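Coordinate-derived values only; no laboratory data. Computed from a prediction, not measured in an experiment: that's the story for all the values here. All Cβ positions, even for glycine, are placed from backbone atoms using ideal geometry, and neighbour counts span all protein chains on display.
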Amino acid sequence: MSKGREQDLARVFAALGDATRLALVAHLLAGGALSATALAEGRDISRQAIVKHLQVLEAADLVVRERHGREVLYALDPRRVDEARAFLDAVSAGWDRAIGRLRKLVETP
């Protein structure tokens with residue numbers, strides 16, 4: 001994996017490492033494109049704080065924003081989530097192979 005790709009994935013995982021941002025991603029996944037105001041409703045966090053979290057997600061290319069008149073809508077970019085999932089799948093496959101080798105070593109008389 002190239003260093004640039006590693007840095008891209010590190011930004012994605014760093015952005016997802018915050019509970020508020022992870023909840024925003026889940027909310028966008030379930031609700032589609034939403035405004036910061038809509039994302040702040042029912043939370044103990046201000047709209048301005050939500051916008052700051054969305055900026056982190058946007059810097060990691062996890063969300064995109066579009067202006068519709070006076071309203072700014074944020075939507076999840078599934079490509080970045082798919083890239084992160086593919087990376088985790090590769091790590092998981094590596095662990096599966098390592099466990100298989102260990103099992104073979106332990107079970108072989």
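Tabulated results
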| read-out | value |
| --- | --- |
| Charge dipole (the chain, unit charges on Cβ, about Cα centre) - positive-most of A40, P109, V56 | P109 |
| Gained length - A19 relative to I45, 0.36 nm times residue gap less alpha-carbon distance | 8.1 nm |
| Sequence-separation-based contact order of the range 3-77, relative, with Cα cut under 8 Å and 6+ spacing, percent | 34 |
| Extension gain from L88 to V106, taking 0.36 nm per residue of separation minus the Cα-Cα distance | 3.8 nm |
| C-alpha long axis of helix 3-16 to longest principal axis of the chain, angle in ° | 60 |
| Unit charges at the beta carbon, dipole of the chain: most positive-side option, L76, H27, G100 | G100 |
| The chain: C-alpha pair distances exceeding 16 Å, % | 64 |
| Magnitude of the charge dipole, the chain, Cβ model with Lys/Arg +1 and Asp/Glu -1, debye to 20 | 200 |
| Overall dimensions of the range 52-109 by Cα: Rg and Dmax, Å | 20.3, 72 |
| Förster radius 35 Å - calculated FRET efficiency between M1 and V72 (Cβ-Cβ, nearest 0.05) | 0.55 |
| Fewest-first ranking of K104, K52, using other Cβ atoms within 10 Å as the exposure measure | K104, K52 |
| Ascending count of other beta-carbon atoms within 10 Å, so fewest first, for S35, S46, S2 | S2, S46, S35 |
| Sorted by Cβ density within 10 Å, fewest first, the residues V81, V56 | V81, V56 |
